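S.K.: Take a look at this one; I'll ask things after.
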């Protein structure tokens, strides 16, 4: 009723109706509304849907007859479906209605009424719907139309109607459009067109539906008369000579509509697509009087009526196709479908190795025993026989014979007709087959409606990334990370010994049991090091604590520093969301069979990871660790964004960590064939053969964008939207899903509320697998094709080509890479890429691969946007949309720094050693311009160090008037020079009487006087002694921006699994990962070659024979250990002693130099050399 009331208001306003008439109209509307409210209603798939009731003789039916019978105009079904969509999602502004098919017309005979019901069925990210009708509540429902509804992005567009009109010829006689079609008669309420203009392939029509709105008993957000007006105007394209028995609407492929105020009059621009004797195809654009596009109708179709029995029922084009000539075509289509099903069944039987499972057309191919390699072979075989370019990913898109055969029948009907022997006269029209299949599926859905799943509401606010940090292989910070990403560097290498010794487990044969055929990865330096004292953690607790937690603590702290909040974060309502999926340190502890220690649980439990961070920083927001395999950190990011939007916290840390510390990790993924035997992630390349694991520890600090702007935060990038979903049932638990990946991408775009054409880069999951990569690319292609046919505007890449797959932290690795790309406005190329995977085709798609570093361009007026994907190997998929941040005020405030107007540089640390390292880091950054921000000024450096860092015990301050002076003073400090001008040192003590003297009511005035006179030396003298000062008092309204500077230099002290206490004999053999496979505790592996007999051992210092043998504080290999090593080596070389030999004589033993095991593991070798006299000489060396 709101629409009719709005129309009445407009008529009163324009003085087209009196107030008295308006009141009478309102009374009528109220009576009609009350009458409708008493009609049948109920819950339909979880939604309160009320059937619309139409009565014989009402203008909407009376004025539309087909062969003399009152028939509900078909486009009404589209209007009712759109009404239902906006009832389900009232906050949405746009909708897309896809494939509106008119299945059966609704006749209403004298004294009859009809109920019309839209039944929505939510399916992942879209709403399938059936429109049903019945004449009496005791009757069964009949299907009249089908289609799909989707949330959409509507492109804003203005059209110059006057310019279009000037290119056309005016049509003076409009009666023809109402009378030329012998099948349909129109009454006054349907005569909605007042002016028409015709061009070669276009028609411009002026419509006015004011009268219809006055008389209407029904409310529509998009009125049927608006769509019907398009069909009316399009009949002008049909010549009288071919009109025959008439044409009737058959359907609309796409309706895109932007919800707006009631539209009573405006313009329709009709564009001809195809016009034959049998079918008319056209597009139409609906334009309001402000020249704005408000709706687009694409693929509107009208079919010629061939029936001689003039009734509305027989006049339905689909019914006609099934009953006349085209019914034979449908029969042939059905026959062809059966032939294709038989063809595929035979192919399946011939290609699968497991013949024990039954074959049915609806069973999943993988459930019937098909392996990935067999699907590849089957695809190649079909491609060879049909010359149809096929990808094995097709079997994941259409995972059973039924769906696959329908696809082939619709898309390649002619090809299979020839292949399978269909005769010429049995040629099948693919459109007919397709429409029949649509109807078949509609009937099936009606019989068995699927359960509905709720949509999430779109995000109400963008999220700002205000702090970030990351540690990667060969990159202790993001500056170095960007450098090798930019330079196409691959940092994958062999597994280092400080992580674990791969040699006992390595076997290049992929079929070897309980081995790894991969010995490569990307590895962070110093994973065994930690600053436990900084975080108030005892050495014993630190030893048992998972290094992933330890490094995450440091990373979160650094992200807080980067944001400038580390000195304000404690005690706040800040959340912590962490993604971690591996626990290799715990695996090592289990392998060593060490006795239980209380710190094992608190140091390694999944639940503790995020909570340890919240505990240390005293954070009061949500705290959770997520494990969805390789998508863990993006799921954590998605959860953090939702928590911020729901106001569960004011800020949120997001972390991700992945360290490779045990053989189990590699042995498991080798057992399922996931790893690369060549040691590279060949993302999207024909050489793709699996992934290489990688290490990463990364953190972000998030805040709602509007709040970040108000607080003046430095913003790295914006999270526009995100989605995290499961892919549902697939060919196997670990198999990827095209539809699942496509769904989550589209859902994230909807959540972001952006036009997908504005996305110009995708950071793909891209693990470098033969089938996984094509499936991901296909999902992207299909997602883009929902919205655009534009080609090659979006680059695609993956950081995994540089660093391998960082698994649980992979999502954050991709996020950081994209942020750096935005900052530098560059798109790097992937290393090792030579030739595209043959199962990937980027022709005529939105995607392209750049093979060299290129400038990242964006559409005019649109910020750079990117998507980041992360897919878990058990079906948990996530996608995030990022946007570069463009400050509203592009002009940055400048503060002139001179000798007369200097700045204050302050640095502090826990102790003198850390302070020296802090100075060294700053000097390196300044000297080598290692900044993540552009055009860094001295004032910005000073301000960031003043307000964005925690003041600690050991302090250093200096006054400088230029960048050169800063570098000079830092260098002289490092060289130990004394009496450096305007440089101050101090250390805070527990009691400071001097400070107590100054802390009185006059202090504020004194400080203000020093600031006014620039007596900064006075301030620094106090600050280095512990005085707390609000540095913002140095600045007025204009403050410098905070920038990224080197973070706190944490101490690197080794903490690792202890080798002490009452351990079992087994564990003594298992000192390191895989020790149970060693030859002997002192003799690990045989490393002999053609040059001689040799055995090698790796000692970490945690072995009992080293921890229990300390000389002057150092772990020394005992002398007797050399003797046992020699005995064991000879026994191994001789494969035991000969007959009669009961022992071994060692002589001329000399200990030349002791073997000392320090912080790092050490390799010890023993070489054997046989002599002519039968003796064996040995030599132990390291």
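S.K.: Filter the stretch 626-640 down to the residues that are buried (at least 24 other Cβ atoms within 10 Å of the Cβ) and either more than 20 Å from residue 566 (Cα to Cα) or in contact with a helix residue (DSSP H, G or I) (Cβ under 7 Å, 6 or more places away or on another chain) (or both) and list them by number.
M.R.: Within the stretch 626-640, 626, 628, 630, 631, 632, 633, 634, 635, 636, 637, 638 qualify.
S.K.: Condition check: part of a helix (DSSP H, G or I) and surrounded by fewer than 20 Cβ atoms within 10 Å (Cβ to Cβ). Does residue 823 satisfy that?
M.R.: In short, yes.
S.K.: For residue 1174, work out the one condition from (1) exposed (fewer than 10 other Cβ atoms within 10 Å of the Cβ); (2) more than 23 Å from residue 1087 (Cα to Cα) it doesn't fulfil.
M.R.: Looking at each condition in turn, residue 1174 falls short on (2).
S.K.: Can you tell which of 559, 610, 590 is under 31 Å from the mean Cα position of the chain (by Cα) and closer than 30 Å to residue 675 by Cβ?
M.R.: Sole residue among the options that is under 31 Å from the mean Cα position of the chain (by Cα) and closer than 30 Å to residue 675 by Cβ: 610.
S.K.: Inspect the stretch 650-666 for any residue being surrounded by fewer than 24 Cβ atoms within 10 Å (Cβ to Cβ), under 19 Å from the mean Cα position of the chain (by Cα) and assigned by the TED database to the domain that holds residue 548 and give the result as yes or no.
M.R.: Within the stretch 650-666 (the criterion being surrounded by fewer than 24 Cβ atoms within 10 Å (Cβ to Cβ), under 19 Å from the mean Cα position of the chain (by Cα) and assigned by the TED database to the domain that holds residue 548), the answer is no, since none of the residues qualifies.
S.K.: Report those strands (runs of 3 or more DSSP E) wholly inside the stretch 90-148 carrying at least 3 residues which are buried (at least 17 other Cβ atoms within 10 Å of the Cβ) and without any contact (Cβ under 8 Å) to a residue 60 or more places away in the chain.
M.R.: The qualifying strands (runs of 3 or more DSSP E) are 126-134.
S.K.: Moving on to the next point. Please go through the stretch 271-293 and pick out each residue that is more than 39 Å from the chain's Cα centre (by Cα) and either crowded, with 18+ Cβ neighbours inside 10 Å or not assigned by the TED database to the domain that holds residue 213 (or both).
M.R.: 280
S.K.: Tell me yes or no: at least one residue of the stretch 692-701 is out of contact with any helix residue (DSSP H, G or I) (no Cβ under 7 Å at 6 or more places or on another chain) and modelled with pLDDT of 95 or more.
M.R.: Scanning the stretch 692-701 turns up at least one residue that is out of contact with any helix residue (DSSP H, G or I) (no Cβ under 7 Å at 6 or more places or on another chain) and modelled with pLDDT of 95 or more.
S.K.: Out of 1027, 1050, report the one residue that is part of a loop (DSSP other than H, G, I, E, B) and modelled with pLDDT under 90.
M.R.: Just a single option satisfies the conditions, and that option is 1027.
S.K.: Applying the selection to the stretch 89-104, what residues are touching a strand residue (DSSP E or B) at 6+ places or on another chain (Cβ under 8 Å) and modelled with pLDDT under 90?
M.R.: 93, 98, 99, 100, 101, 102, 103, 104
S.K.: OK, next. When the stretch 574-584 is examined, which residues are found to be in contact with a strand residue (DSSP E or B) (Cβ under 8 Å, 6 or more places away or on another chain) and either part of a loop (DSSP other than H, G, I, E, B) or within 14 Å of residue 644 (Cα to Cα) (or both)?
M.R.: 574, 575, 576, 577, 580, 581, 582
S.K.: Name the one entry in 897, 919, 926 that is crowded, with 17+ Cβ neighbours inside 10 Å, assigned to a loop (DSSP other than H, G, I, E, B), in contact with a helix residue (DSSP H, G or I) (Cβ under 9 Å, 6 or more places away or on another chain) and not assigned by the TED database to the domain that holds residue 823.
M.R.: 897
S.K.: I would also like to ask the following. Taking the condition of being in a helix (DSSP H, G or I) and out of contact with any strand residue (DSSP E or B) (no Cβ under 8 Å at 6 or more places or on another chain), how many residues in the stretch 944-969 meet it?
M.R.: 7
S.K.: Also, quick follow-up: Taking the stretch 573-589, which residues are modelled with pLDDT of 95 or more and out of contact with any helix residue (DSSP H, G or I) (no Cβ under 7 Å at 6 or more places or on another chain)?
M.R.: 573, 574
S.K.: Here are some residues: 830, 859. Which one is surrounded by 21 or more Cβ atoms within 10 Å (Cβ to Cβ), assigned to a loop (DSSP other than H, G, I, E, B) and touching a residue at least 12 places away in the same chain (Cβ under 8 Å)?
M.R.: Of 830, 859, the one residue that is surrounded by 21 or more Cβ atoms within 10 Å (Cβ to Cβ), assigned to a loop (DSSP other than H, G, I, E, B) and touching a residue at least 12 places away in the same chain (Cβ under 8 Å) is 830.
S.K.: Only one of (1) part of a helix (DSSP H, G or I); (2) at pLDDT 85 or above; (3) buried (at least 16 other Cβ atoms within 10 Å of the Cβ) is not met by residue 1115, so which one is it?
M.R.: If we test residue 1115 against (1) part of a helix (DSSP H, G or I); (2) at pLDDT 85 or above; (3) buried (at least 16 other Cβ atoms within 10 Å of the Cβ), just (1) comes out false.
S.K.: Give me a count of the residues in the stretch 951-967 that are crowded, with 17+ Cβ neighbours inside 10 Å and under 13 Å from residue 898 (Cβ atoms).
M.R.: So the count comes out to 3.
S.K.: Oh, and also: What's the total number of residues in the stretch 240-267 that are within 21 Å of residue 194 (Cα to Cα) and out of contact with any helix residue (DSSP H, G or I) (no Cβ under 8 Å at 6 or more places or on another chain)?
M.R.: Adding up the residues that qualify gives 1.
S.K.: Which one of these is outside any loop (DSSP other than H, G, I, E, B), over 15 Å from the mean Cα position of the chain (by Cα) and at pLDDT 90 or above: 757, 791?
M.R.: 757
S.K.: Just the residues that are out of contact with any strand residue (DSSP E or B) (no Cβ under 7 Å at 6 or more places or on another chain), part of a loop (DSSP other than H, G, I, E, B) and farther than 16 Å from residue 286 by Cα, please, taken from the stretch 221-240.
M.R.: Matches in the stretch 221-240: 239 only.
S.K.: OK, next. Restricting attention to the stretch 159-185, which residues are touching a residue at least 40 places away in the same chain (Cβ under 8 Å) and assigned to a loop (DSSP other than H, G, I, E, B)?
M.R.: 159, 160, 180, 181, 182, 183 - these are the residues of the stretch 159-185 that are touching a residue at least 40 places away in the same chain (Cβ under 8 Å) and assigned to a loop (DSSP other than H, G, I, E, B).
S.K.: Right, here's the next one. Please state which one of 955, 987 is farther than 25 Å from residue 938 by Cα, modelled with pLDDT of 85 or more and not assigned by the TED database to the domain that holds residue 533.
M.R.: 987
S.K.: Of all the residues that make up the stretch 872-894, how many are in contact (Cβ under 8 Å) with a residue 40 or more places away in the chain, surrounded by fewer than 20 Cβ atoms within 10 Å (Cβ to Cβ) and closer than 30 Å to residue 766 by Cα?
M.R.: Number of matching residues: 1.
S.K.: Right, another one. Taking the conditions exactly as written (surrounded by fewer than 22 Cβ atoms within 10 Å (Cβ to Cβ), modelled with pLDDT under 75, outside the structural domain of residue 191 (by the TED database) and assigned to a helix (DSSP H, G or I)), does residue 327 satisfy them or not?
M.R.: yes
S.K.: Okay, moving on. Could you tell me how many of the residues in the stretch 468-482 are closer than 14 Å to residue 525 by Cα and either surrounded by fewer than 21 Cβ atoms within 10 Å (Cβ to Cβ) or in contact with a strand residue (DSSP E or B) (Cβ under 7 Å, 6 or more places away or on another chain) (or both)?
M.R.: Selection size over the stretch 468-482: 9.
S.K.: Identify the residue in the stretch 399-433 that is at pLDDT below 50, in contact with a helix residue (DSSP H, G or I) (Cβ under 8 Å, 6 or more places away or on another chain) and in a helix (DSSP H, G or I) and, among all such residues, is nearest to residue 375 (Cα to Cα).
M.R.: Out of the qualifying residues, it is 430.
The values are calculated or read from the model by the stated rules, or taken from the named source; none is laboratory data. Owing to the predicted nature of the structure, the values given are computational and were not obtained by experimental measurement. Because the Cβ atoms are built from the backbone with ideal geometry, glycine has one as well, and the counts that use them run over all protein chains shown.
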